[in-house]
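Each remark here refers to the structure printed beneath this line.
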Amino acid sequence: MFRVPFFFAPAVSLTWALLSLPCVADDVDFARDVQTTLARRCYACHGPDQQEGSLRFDQRSTLLSEADSGVAAIVPGHADQSELIRRIRTDDEGERMPPEGKPLTEEEIRHLSKWIDDGAAFQRHWAFQPVRATTIPEVADKRWCRTAVDRFVLHRLEAENLQPVSEAPTAQLIRRVYLDVVGLPPSPETVQQWLDDWNDDSYQLLIDRLLANPALGDKWARAWLDVVRYAETNSYERDGLKPNAWKYRDYVIRSFNTDKPYNQFVREQIAGDELDEVTTDSLTATGYYRLGLWDDEPADPKQAEFDGLDDLVTTTSQGLLGLTLNCARCHDHKIDPLTQQDYYSLVAFMRDVTPYARRSDLLTFNQIDLDPELAARYESLNRRRKELQKQTRKIEKLGIANMPAPDQRATEGPERGQVLKDKLHQYLPQDQFVTYTSLKQELSDLDSKQRKLPPRETVLGLAQLHPDPEPTHILLRGSPHSPGDLVQPAFPKLLGGGTPNLPSEQATARSTGRRRVLADWLASDDNWMTARVIVNRIWLHYFGRGIVRSPNNFGLMGDPPTHPLLIDYLASELIRNEWQLKSVHRMILLSSTYRLSTQRDEAAAQRDPANDLFWRQNLRRLSAEQVRDAVLAVSGQLNHERYGASMFPQLSAEVLASQSRPGSGWGQSTAAERSKRSIYIHVKRSLPVPLLSVFDFPDTDISCEARFLTTQPGQALTLLNSAWMQRQAAYLLERVQRDAGDNLRQQAARCLELVLSRPPRTEDVKQLTDLVHRLRQRHGLSETHARQAMCLVALNLNEFLYLD
């Protein structure tokens, strides 16, 4: 074995009385097999928050001591003498534990018994420890391994006497890589070009080209937008627009395309306005704080303020740290060693963040002017305009008071301007009318001056802050009306704790500077959670699930890693490569593990039905965006234009009517704009696009750790019957007619070739041509409509909708 680079994280004093004792036997892993069972089934009554019978199942010492019953829960080395095992095995429902819910499974009981027989050693939860110095394991089949990733995977497979399946067919692998990296299927001609000169070197060249392709940002930015609950409206009844939210989306796309170091990416979003070098990008990044829900008429404004802060704590702790710190808002976390003080200490870092807006002022808090001097000129003109308008309205009011009743009523509606223009001079003294005319001329001059100014460029972000925020208190039961002890900004004890070095207060400061301290801690090489969480997210999108299946929860109630040493290796490699995410992408893509086929092996499936050990690649369906983008690409309609304001797909009147104010806030886009990739679709919280939502587009109210993967009738109905799909089938027919002429068999072959990115099989071509004949002969369709139906059927094939 040989050593690989690693980094050291600071030692942490564990105040939770978990004793670091030797590891349990190889076949029972404490973190994976024991601790998760105790947390899920026992902590509710015997955990940090409640200790019935004086038992705490998160503390070894109480398990070894006599409980209130006079009996110790466990006797190390003797499961058969342990009260815990007796109580979970008994048939007496009055004694059986846990008292509610289903009994423990035989496998859970076996793991607990083996653990006790082996000495009942506690280990600190894997994620609450620094990243370990990782030794790449030795394996028997070294030839199979292309990267270090393969060594970690194969080591576990060999330990279980399993073998990986064969590599995916080359054409299939090429299509998979295209869809995984840039989110679009390759043309059949592109696939053939690679096949003509295929070897390991050409595969590496393919990976390098795709990682440099700007389409990568369009695909991978969406994964990040899921995590940060990206949307362009505020929700609630009015669901008002968040101006310039799309610029944050474009910032994310650019960052992924340029391979911006992930630690810098984090710093810019948490404290882009407080960095040493503030740029347009870093200011745009603070739009992170403005993406959540905002109620413009809350029943309890103070509650709404802390709900907004909770949204930030939730998104930051889950999205960046993989911790459910939000569960400690009202009380100490019931499962993880996280306290209310930890929660409100993180809130204290962010107390200078203002609410999104005020109902009377929707822009001041959230729209940052990128040119302050130009903004000052605009503001000067606006102030003068308000003064002039106030004066003119006062004079108009005097004149209207002298008008007859019909004219007065007319000034209350849309005819006001015309009435004033025609008649005001008749009801004002001469000197007042001269003054009025002068004021109106000055207003006109102001408008002229403003039109000559350069356009005002603004971005969504932290435009105005509280430089001297209110003190932060622990809120009893989470109520903002019941403040408790005062807290200062501090890092969670679970991750090392410590008192941050906060900047001194400055009278001229626009913010506290605390978020910069938080950002530096989050992005530090010594923060062992940040790197782990992001490499796990990357793995998730290449294999359909993360090494940790619960990407937002690395705590005790989350799923333990199937390959804990691998996730630490990837995290240390990310940091060694200066946080360049593409280095992790490349390492995964070049591995033999990634290249495996999805074929089923009965022996492996019996031993590992969930494919925890990655003996094969997981079968994955295209995401909602990939389905739409792939259809556009195949039909020849995809507009590859990148960046810019969001576009609005055509929605039916029935869909628009689903809002509280039907059609409100849904704009009109040109046909070319509507053909852009799906990441550029306007995300309106109250009006999800049906084609995307039916394929599991996420809820944008909260951070989405991983999308659901459903198979349900609405998907088939949408793909077959929606007007959009019908149009795309017609476009696809036009394309195959251009490519293949009028011959039906050649059209069917070309259609399948475009849809599947490979030469079609003869029997498949025959099925399509037979379909056309049946539709004409039995159902009376015209030749054109029958051939359009042929194209529509091709777009509904599983081989098109799945990666493999």
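Residue count for segment 674-723 satisfying the condition of being open to solvent by 60 Å² or more (accessible area, probe 1.4 Å) and under 21 Å from the mean Cα position of the chain (by Cα): 7. Is it the case that some residue within segment 629-648 is open to solvent by 50 Å² or more (accessible area, probe 1.4 Å), in contact with an Asp or Glu (Cβ under 8 Å, 6 or more places away or on another chain) and not β-branched (V, I, T)? For segment 629-648, residues open to solvent by 50 Å² or more (accessible area, probe 1.4 Å), in contact with an Asp or Glu (Cβ under 8 Å, 6 or more places away or on another chain) and not β-branched (V, I, T): present.
Pairs are defined by a Cβ separation below 8 Å, a sequence spacing of at least 6 or placement on different chains, a first member in segment 327-339 that is open to solvent by less than 10 Å² (accessible area, probe 1.4 Å), and a second member that is of a type in the set (S, T, N, Q) and not in a loop (DSSP other than H, G, I, E, B); the pairs so defined are A328/Q340. Residues of segment 574-589 that are within 15 Å of T134 (Cβ to Cβ) and open to solvent by less than 10 Å² (accessible area, probe 1.4 Å): L574, V584.
Count of segment 358-389 residues, restricted to those that are within 24 Å of the chain's Cα centre (by Cα) and either in a loop (DSSP other than H, G, I, E, B) or on the phi > 0 side of the Ramachandran plot (or both), is 1. Of all residues in segment 450-482, those being farther than 30 Å from E379 by Cβ and loosely packed, with under 14 Cβ neighbours inside 10 Å number 4. Among residues of segment 763-786 that are modelled with pLDDT of 95 or more and surrounded by 11 or more Cβ atoms within 10 Å (Cβ to Cβ), those with a beta-carbon under 8 Å from a residue that is of a type outside the set (S, T, Y) and not in a helix (DSSP H, G or I) at least six positions away or on a different chain give the pairs L775/L781. State which residue pairs qualify: first residue closer than 18 Å to T315 by Cα and open to solvent by less than 10 Å² (accessible area, probe 1.4 Å) and inside segment 227-244, second residue among the hydroxyl-bearing types (S, T, Y) and part of a loop (DSSP other than H, G, I, E, B) in any location, beta carbons under 6 Å apart, and separation of 6 or more residues or different chains. Going by the 6 Å Cβ cut-off, the qualifying pairs are V227/S703; R229/T700; R229/S703; A231/T700. Being within 25 Å of the chain's Cα centre (by Cα) and over 25 Å from A794 (Cα atoms): is that true of S623 here? The answer is no for S623. Of all residues in segment 255-304, those that are assigned to a helix (DSSP H, G or I) and among the hydrophobic types (A, V, I, L, M, F, W, C) total 8. R595 falls short on exactly one of the conditions (1) at pLDDT 95 or above; (2) basic (K, R); (3) surrounded by fewer than 18 Cβ atoms within 10 Å (Cβ to Cβ), and that condition is (3). Among the residues making up segment 154-191, those that are assigned to a helix (DSSP H, G or I), touching a Phe, Trp or Tyr at 6+ places or on another chain (Cβ under 9 Å) and either on the phi > 0 side of the Ramachandran plot or charged (D, E, K, R) (or both) are R156, R176, D180. Just to be sure, is V252 farther than 21 Å from R358 by Cα, part of a helix (DSSP H, G or I) and free of Cβ contacts under 8 Å to residues at least 60 places away in the same chain? Criteria met by V252.
Considering (1) surrounded by 18 or more Cβ atoms within 10 Å (Cβ to Cβ); (2) assigned to a helix (DSSP H, G or I), the lone condition that Q617 does not fulfil carries the number (2). Could you please give the count of residues in segment 486-511 that are under 19 Å from D332 (Cβ atoms), in contact (Cβ under 8 Å) with a residue 24 or more places away in the chain and open to solvent by 60 Å² or more (accessible area, probe 1.4 Å)? So the answer is 2.
The values are calculated or read from the model by the stated rules, or taken from the named source; none is laboratory data. As the structure is a prediction and not an experimental result, all values here were calculated from the model. Methodologically, a virtual Cβ is constructed for each residue, glycine included, from the backbone with ideal geometry; neighbour enumeration extends over all protein chains shown. Protein only, heavy atoms only, side chains kept; ligands, DNA and RNA dropped before computing areas. Shrake-Rupley method; radii C 1.70, N 1.55, O 1.52, S 1.80 Å.
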